[in-house]
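Before any comments, here is the structure.
The values are calculated or read from the model by the stated rules, or taken from the named source; none is laboratory data. Predicted model only: the values in this text are computed from it and were never measured. Virtual Cβ from ideal backbone geometry, glycine too; neighbours counted across all protein chains shown. With ligands, DNA and RNA removed, areas are computed over all heavy atoms of the protein, side chains included. Shrake-Rupley method; radii C 1.70, N 1.55, O 1.52, S 1.80 Å.
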Amino acid sequence: MIRIIKSAVCRRHAMRVLAMLVSICSIALASYGADATVQVQFNASKATPRAVESLTERGILRDYRFAWTSMAQALDLNTLDPLEGPFAGEAKRLLKEAVLAQQHSGLSQQYVNQNHRLEAVFYAPEGDVMELHDTAEYELRISDGGKIIHDEHVVMHYVVLMTPGADHWVIRQLQAVPQS
Amino acid sequence: MRRIFLICAGLCVAGFPMLAQDLRVPASVTAGDDATISTTGSGKATFYLLGPGVSRKSDVKLGEEIHLQGQELRNAGDYLALVCSDPCHSGTFYVVAAKPAKLTFLVHPSRVPVGRSDALSGVAFPFDQFHNLDLTPVTVNFQLTVGNKALFTRPVRTQNGVAWFRTASGKSAGVVQVTASVDDLTARRAVQQVASEPCNLRITGQRIPIGILVQTEPVHDCAGNVVPDGTIVTFSATEASGKSTVDAPVKQGVARAQITAKGETVISVASGVVMGNELRVGAKQ
């Protein structure tokens with residue numbers, strides 16, 4: 001009789017722990033999902049002198065979103081791996097330098113709830129380079145040793161140069177500019 | 001009364017850095033230039049600078065200027081300065097590109113047939129010495145030259161940091177120098193202009209013991225340029241027993257083929273979409 005009561009109590013206790021774990025995991029997943037979400041609206045109608053083909057438009061949208069997701073991961077976790085692939089040239093060098101400097105200073109940056117309004121302004125006649133302008137909005141959180149020291153809603157303007165790789169577009173230049 | 005005064009004084013002294021602490025960042029800095037950030041207040045604080053490729057943390061004294069070396073302001077973009085002594089105060093400033101020191105110049109294609117409209121194009125991006133894209137409008141002079149003769153000259157003002165041109169290819173085969181220049185900066189590329197499609201194909205032929213030897217006269221395009229070696233010429237031979245076809249590459253301006261035909265034969269020639277003359281060769285004696 002006592003054994004039955006004990007096992008029922010244990011089962012109830014285990015269920016509670018399981019429920020707690022599930023809720024913690026779901027909260028963590030939800031917050032990660034929110035942080036990892038990068039919204040990009042792309043307007044290619046003003047690109048000159050070459051018109052942007054629909055397949056290219058989809059590729060740019062996919063690769064630009066991926067690049068920002070990767071950049072956010074790299075600067076949040078202070079790791080270089082996410083930068084391999086979506087970035088090349090000067091953009092990659094600067095981001096690598098930023099991550100290495102953050103590893104040294106103990107700082108990290110979080111780009112939360114990103115919204116990008118991306119516009120193609122120049123597409124080279126032979127399709128080998130595209131210039132884009134991005135108006136990006138996000139929450140920028142700066143942490144020092146895990147403690148948040150700065151949290152700000154930011155609206156930033158970027159001039160971006162992208163070039164086609166073997167099967168995807170890469171960011172070669174990502175330069176923030178003052179709002180004109 | 002004295003107690004109240006002491007409490008107020010204590011609160012003022014304790015709260016002074018918090019109330020007076022502020023920082024003033026420069027409005028804009030040119031890449032590679034030194035800059036200073038001024039702070040107010042007193043006591044110690046932690047200074048942070050975050051920008052493209054930069055993440056700095058250092059101790060500072062409030063009320064003193066913070067010197068930023070040109071070395072850490074080489075990359076154009078936005079910089080966030082934070083001074084923290086509970087709470088943190090922040091300021092943002094931009095570093096803009098210095099004057100152009102390098103031109104990235106893309107020219108297409110590297111090999112182009114003569115006499116084609118809109119066949120050649122070039123795109124130029126001015127960058128400063130720190131590889132920042134220069135967005136201040138500058139005039140890029142594009143030029144195409146053959147030897148000392150200028151075929152094309154066009155000044156183009158950069159828009160959003162880019163200038164471009166498109167033009168027809170020239171009339172003569174050979175190397176064309178394509179240059180883009182901004183003040184004393186010049187970027188050069190070479191484009192090989194090659195003959196266009198063959199024009200006025202003509203063939204001659206004669207019987208030989210094992211068939212017919214047929215060859216073209218030197219193959220030119222319509223502007224008189226000899227077509228490049230390797231251009232394929234197709235010979236078709238029609239006789240009573242049927243039709244045969246031979247592809248032959250042009251070598252030193254001429255394409256040759258040997259056709260095994262015994263009876264009376266009509267031979268025609270074509271290259272690309274261009275047809276040549278027909279040749280009738282009598283039956284083998």
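Overview of results
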{"item": "Accessible carbon and sulfur surface of segment B:169-249 relative to its total accessible area, %, 1.4 Å", "result": "49 percent"}
{"item": "Cα-projected label distance for residue B:116 with residue B:278, points at 7 Å along beta-carbon direction, nm", "result": "3.3 nm"}
{"item": "Alpha-carbon centroids, segment B:50-108 and segment B:185-222: separation in whole Å", "result": "61 Å"}
{"item": "Overall Cα dimensions of the protein assembly as shown, principal axis frame, Å, largest first", "result": "138, 84, 34"}
{"item": "Burial of 50 Å² or greater, segment A:95-116 residues [accessible area, probe 1.4 Å, versus chain by itself]", "result": "A:107"}
{"item": "Percentage of interatomic Cα-Cα distances in segment B:198-281 larger than 22 Å", "result": "20 percent"}
{"item": "Rounded to the nearest 20 debye, dipole of the protein assembly as shown from Cβ charges on Lys, Arg, Asp, Glu", "result": "1020 debye"}
{"item": "Volume per residue that the Cα convex hull of segment B:102-194 spans, once the total is divided by residue count, Å³", "result": "82 Å³"}
{"item": "Solvent-accessible area per residue for segment B:102-194 (1.4 angstrom probe, square angstrom)", "result": "49 Å²"}
{"item": "Of every Cα-Cα pair in chain B, the percent that sits beyond 32 Å", "result": "59 percent"}
{"item": "Estimated FRET transfer efficiency when R0 is 35 angstrom, pair residue B:36-residue B:141 (beta carbons, to 0.05)", "result": "0.35"}
{"item": "From the C-alpha gyration tensor of segment A:60-176, square roots of 5λ in Å", "result": "26, 16, 10"}
{"item": "Options B:212, B:273, B:250, ranked by Cα towards positive dipole end of segment B:198-281, top entry (Cβ charges)", "result": "B:212"}
{"item": "Other protein chain Cβ atoms within 10 Å, averaged over every residue that makes up B:47-53", "result": "6"}
{"item": "Neighbour-limited loop hits for GluC sites (Glu not before Pro), segment B:222-285 (at most 14 other Cβ within 10 Å; DSSP other than H, G, I, E, B)", "result": "B:264"}
{"item": "Calculated on alpha-carbon atoms, Rg and Dmax of segment B:47-179 in Å", "result": "22.8, 74"}
{"item": "Neighbourhood net charge (14 Å Cβ-Cβ; Lys/Arg +1, Asp/Glu -1) for residue A:103", "result": "-1"}
{"item": "Buried solvent-accessible surface, both chains (B, A), 1.4 Å probe, Å² to nearest 100", "result": "2900 Å²"}
{"item": "Label-to-label distance, nm, for residues given as residue B:28 and residue B:184 (7 Å Cα→Cβ offset)", "result": "2.6 nm"}
{"item": "Residues of segment B:207-285: accessible area per residue with a 1.4 Å probe, Å²", "result": "57 Å²"}
